[in-house]
Each structure stands twice: as C-alpha cells, then as structure tokens.
Amino acid sequence: MPRPLQALIHLDAMRHNLATLRARAPDARVWAVVKANAYGHGLAHAFEGFRAADGFACLNLEEAQGLRELGWRGPVLLLEGCFDARDLEVCSRLGLWHVVHHDAQIDALSAHKTQVPHHVFLKMNSGMNRLGYAPERFRAAWARLNALPQVDEITLMTHFSDADGERGIAHQVARFAQATEDLPGDRSLSNSAATLRHAQQAGVSADWIRPGVSLYGASPDHPEHRASDWNLRPTQSLRSELIAVQALQAGDTVGYGSSFTAPEAMPLGVAAGGYADGLLRAGGTGTPVIVAGVRTQIVGRVSMDMVTVDLRPLIDQGLTPAPGLPVTFWGQDPSGAVLPIDEVAQASGTIAYELMCGLTPRVPKHPVN
Ligand SMILES: *Cc1c(COP(=O)(O)O)cnc(C)c1O
C-alpha cells in the first residue's frame, strides 16, 4: 500500500475557472499562468485543464520547453524575459514571446542573430517597483525595440501591486495610460485580482489578461471574497487518511513540545501528511481539516510526516473514529464538502498561493475529471 497522501488535480474545475475568467473579460485573450509548476498542480495537468487558453505564461525555459514538448504550438510568454543572452537562442528556436524590462535585455536582442523576429512584452514599472521601465523612460525603450530587426511586435505591459486591496489600481492605470497614450500595440495589465475586481475599469482587461491563482480556484482577495463568491472551484485537493487513533485522557498532551493539552477525554486522529509534504508547521492547532466528511481542526504541532487532529466532532456526528477514515487538508472532500484552501492558508498565516506551490515532490498528483 502506498502512503495514503495524494493531491487530486481537478481538470473539470480548471476548465470551469478558465471560463469564469473569460466571462469577466470577454474581449480579452487569456494567458493561463503556469509558473511554479503550474502553482503546484503539475505543468502537464495544467496544460490539459487549460487547453482552451489563448497562451501559457511561465517563468523559465524549462517550463516553456515543457509546453512545446506537450505539443502546444500557440503563444508562450516568459514573464520575466530572458535571464541571459543565450536564452534568446531558445526563444528563437521555440518561438517564445518574452518580457523586456531592462536595457541589458534590449542589448542582447540587438546582438542576437535570428531569422525569426521576436514578439516582446515591454514592461512598465507603473508603481510596483519590481520590474520594468519607469514611465518617463518607457517611450525610449519602445523606440529602441521598434527599430530592431530582431523585433516584430511589441505588446505593452504592466503589473499591479494592489489589485486585491484597498489601494486599488487606478493610480497605476493612469500612469500606464498616460505614458503609452499614442504608442501602438496590444496591452496586458491584469492578474487575477484586477480581472475579477476591476475588469469594468477602462483599459484594465485590454487585449491580454494574465490570471494565475484564480484559475486554480483560490480567491485573490480572500477573505473579502471567497472563491465561491467569484464562481471559482478548487482545482487541488490534498487528501489523506487517518493512520492511527489515540484515546486521550484530560490533561494528556499531543506531539512535539506538548503544545496541545486535552481539556477532556477525547479521541485524537493521526493523519499522513506533514511539513515535508507541504503542510505548514506554522499552521498547527486551529487549522481546519475535514475527517470523514466532518469539519474539525488540527491540534498540536505539524510534524514532518504526520499531523494530529481533533476527532470530537466525529463523535458528535455519531461516527466511530478509526484508522483509514478519509482526511482532506484542503479542496474537495470525498463527501462533497469543500474546505477552501484560502481558509487553510489564512489559519496558517499565509495565502493560498504559497500552499499550492508548496506541495513537495513526494506528494503524488493524480488528475481527475
Ligand atoms: C504571477 C503573475 C501573474 C498571475 O498573478 P495571479 O495573482 O496569480 O493572478 C500575472 N502577471 C505576472 C507578471 C505574474 O508574474
């Protein structure tokens, strides 16, 4: 018997979420963002689920190459562009589109020998201050690229720092619009949060949107909105089983550091799954979990390969705790109940992105429809 921990990848939910994002920005083309091993889902599974996307946006050449090997002949975008002049050879060979955000990348392009002119995404730093040209330097960069025989199309791009929050995107949209006013070319501005929250704002969902986390069924602005509020379904279910049950007496303690003390006699479950699988050690006592279809919580510390759970709610439901009962750490439970990954992340002091990406290689991933 293999260890009973696995991640189910829901291809039907991926298709559904892609359709949801399309409906928010019906005139835009959609990049399915598949960096970080498709937010922990596996590139091949994401490719299967998002086949109806207009293109795939990724971080590095391995991912881009992987997409070509899977048979994708449409657009592939490198979100941070080339890290080295030699990367341009691969871009030419595989027909990759790439972001240009600083001068060394233009220098490399101008020295690159190619028969196939490139489609580049010129990135503006409109206020996030990570990557891109300042608005006042953007036009000069565009003119330089536009004069290169190695370049045939330039899409104008920026990225929002606060699309999910109170500050919003208006200040960045205004800067971008002003600095690009009479420049030709497509535009690409919005991530998940901007698409879901601000798509009605002029220019925001122009030409190409770049949703990531929402395609994987998490809400980009939890807890203000739940994933279900945005009509998104979980694409990743981390499932396990109880491998042991203990009967605690009042005053008994649990696990390393004895951080949980039983307030009364209670059954305790031990589930396969620990921080070496991608559960967070920061998410001990209080983190929600589903056991046998019943919502309960982790108690004590998360250890490397195991986690301990409070089984009193099962007793309340008339169930008999026993090894083999199904456990869902997040996503869809076999009972049909859903434990949103956003809630689990919040209980561990983080965001769904980190949980999704953090599944470790020893967790098998099984695509299901
Ligand atoms: C990761 C990324 C996205 C996707 O962001 P989500 O918040 O996951 O939708 C979009 N654009 C760029 C440039 C990114 O790096």
- Task: Once you have the Cα-Cα distance between residue 368 and residue 137, take 0.36 nm times their residue separation minus that, and quote the gain in nm to one decimal.
- Result: 78.4 nm
- Note on the structure: In nm, the gap between the two label points placed 7 Å beyond Cα toward Cβ at residue 295 and residue 69 is 4.2
- In terms of Cα to Cα distance under 24 Å, which lysines are near enough to residue 123, apart from those fewer than 8 places away along the same chain? 35, 113
- Item | GluC sites (Glu not before Pro) within the stretch 198-297: DSSP coil, no more than 16 neighbouring Cβ in 10 Å | 224, 264
- Query: How many nm is it between the label spots at residue 3 and residue 170, if each spot is 7 Å from the Cα in line with the beta carbon?
  - Reply: 5.1
- Query: Using a 1.4 angstrom probe with every protein chain in place, what is the largest-first accessible-area order of 239, 210, 226?
  - Reply: 226, 239, 210
- Task: Determine the gain in length on full extension of the stretch residue 228-residue 114; use 0.36 nm per residue of separation and subtract their C-alpha separation, reporting nm with one decimal.
- Result: 36.3 nm
- How much length is gained on full extension from residue 162 to residue 27, taking 0.36 nm per residue of separation minus their Cα-Cα distance? 46.3 nm
- Message: With a 1.4 Å probe and all protein chains kept in place, how do 68, 175 rank by accessible area, largest first?
- Response: 175, 68
- Apply 1/(1 + (r/R0)^6) to the Cβ-Cβ distance of residue 94 and residue 54, taking R0 = 25 Å, and write down the FRET efficiency to the nearest 0.05. 0.90
- Query: Using a 1.4 Å probe, how large is the accessible area of residue 161, given in Å² and rounded to the nearest 10?
  - Reply: 40
- Message: Could you tell me the extents of the chain's C-alpha atoms along the three principal axes, largest first, rounded to whole Å?
- Response: 77, 41, 36
- Taking only the alpha-carbon positions of the stretch 198-347 as identical scatterers, the Debye log10 I(q)/I(0) at q = 0.17, 0.20 Å⁻¹ comes out as -0.93, -1.20
- Task: Give the accessible surface of the stretch 36-95 per residue, rounded to a whole number of Å², with probe radius 1.4 Å and ligands, DNA and RNA excluded.
- Result: 42
- Could you give P(r) for the stretch 63-175, binned at 5 Å from zero, as whole percent values over all Cα-Cα pairs? 2, 12, 22, 21, 17, 12, 9, 4, 1, 0
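The values are calculated or read from the model by the stated rules, or taken from the named source; none is laboratory data. These numbers come from a predicted model, not from an experiment. For neighbour counting, all protein chains shown are included, and Cβ atoms are generated from backbone atoms with ideal geometry for every residue, glycine included. Note: areas computed on protein heavy atoms with side chains; ligands, DNA, RNA excluded. Shrake-Rupley method; radii C 1.70, N 1.55, O 1.52, S 1.80 Å.
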